[in-house]
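Below is one structure, written out as structure tokens; the observations come after it.
The values are calculated or read from the model by the stated rules, or taken from the named source; none is laboratory data. Not measured: the values here are computed from a predicted model. Positions of Cβ are backbone-derived with ideal geometry, glycine not excepted, and every protein chain shown enters the neighbour counts.
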Amino acid sequence: MLDYAAPYQGQGSNRALEAAFSIAMTCIDNDCLSLSQKIIEVAAVRLDKLERYESDVENSKLQQYNIEYYMIRAHLAWLQGRLDIAEHLFSKIPVSDNGRGQERVMDICYKIGNCAISRKQYDVSMKWLERALRACESIRHMQQASILSNKDKELLILHASVRAGLHLDPEEHSGFLSEALDALKFRYGGMFPVQVIQLEMLDKEGADEIVFSQVPQSTIESPELKDSHLAM
């Protein structure tokens, strides 16, 4: 149907491509991987024609479409167990300051990383969550407030990163794990789930009772403690 939804030129083609990306992601979210694969193949034809024949398309728009296309394909490949292909597709993503494109990178890398945790693939999880965090930072540096209107996504990425780190040797991932934990404490230290994961990390490190007690004490004394901070 998407083949005939619009001509292969003009704004109609752009809208059809955007619709294809959206439908493909919806199919993935509902575990319809084969259907998503077919949709992204149709999108590939449209994107190729757009790059070859549409000279008036803005470069930023083309970057956005390429990022979305490769990220969706990487997500599909990862879910299908083709991890090497997912890595290859991720490597083809163009360096870009396109906010919408970086948001897609952030969302899909987080989904892959979080899924890897549920599969107990903690090393893999850390790799994709770090990529999600880097995209999140890019968006913040671009000050794309309309795209990243709150910090919920960053919180989820940081929290998932530390959860994955609980199952790994801290020495092997000390750089990113330390960065994620510090950011979590600094930006979201008043939230109950953050305090809980701090305690888990301290317990793993064998911290003494004094250090251990400082975490809940700081929560009690925090002026930012709210009912909404008790759940995540």
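The table that follows gives values for the structure above.
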item	result
Residues being under 15 Å from the mean Cα position of the chain (by Cα) and in a helix (DSSP H, G or I) - total across the stretch 80-120	22
Out of Gln80, Gln102, sole residue that is closer than 23 Å to Lys127 by Cβ, touching a residue at least 40 places away in the same chain (Cβ under 8 Å) and loosely packed, with under 14 Cβ neighbours inside 10 Å	Gln80
Single residue of Tyr110, Tyr69, Tyr122 found to be farther than 25 Å from Ala183 by Cβ, hydroxyl-bearing (Ser, Thr, Tyr) and either touching a Phe, Trp or Tyr at 6+ places or on another chain (Cβ under 8 Å) or not assigned by the TED database to the domain that holds Leu17 (or both)	Tyr69
Residue that is nearest to Arg140 (Cα to Cα), among those in the stretch 49-79 that are within 19 Å of the chain's Cα centre (by Cα) and of a type in the set (A, V, I, L, M, F, W, C)	Ile67
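Here is a yes/no grid of residues against (1) in contact with a helix residue (DSSP H, G or I) (Cβ under 8 Å, 6 or more places away or on another chain); (2) within 26 Å of Arg131 (Cα to Cα); (3) modelled with pLDDT of 55 or more; (4) of a type outside the set (A, V, I, L, M):
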{"residue": "Leu168", "(1), (2), (3), (4)": "yes, yes, yes, no"}
{"residue": "Lys185", "(1), (2), (3), (4)": "yes, yes, yes, yes"}
{"residue": "Gly189", "(1), (2), (3), (4)": "yes, yes, yes, yes"}
{"residue": "Met201", "(1), (2), (3), (4)": "yes, yes, yes, no"}
{"residue": "Ile210", "(1), (2), (3), (4)": "no, no, no, no"}
{"residue": "Ile220", "(1), (2), (3), (4)": "no, no, no, no"}
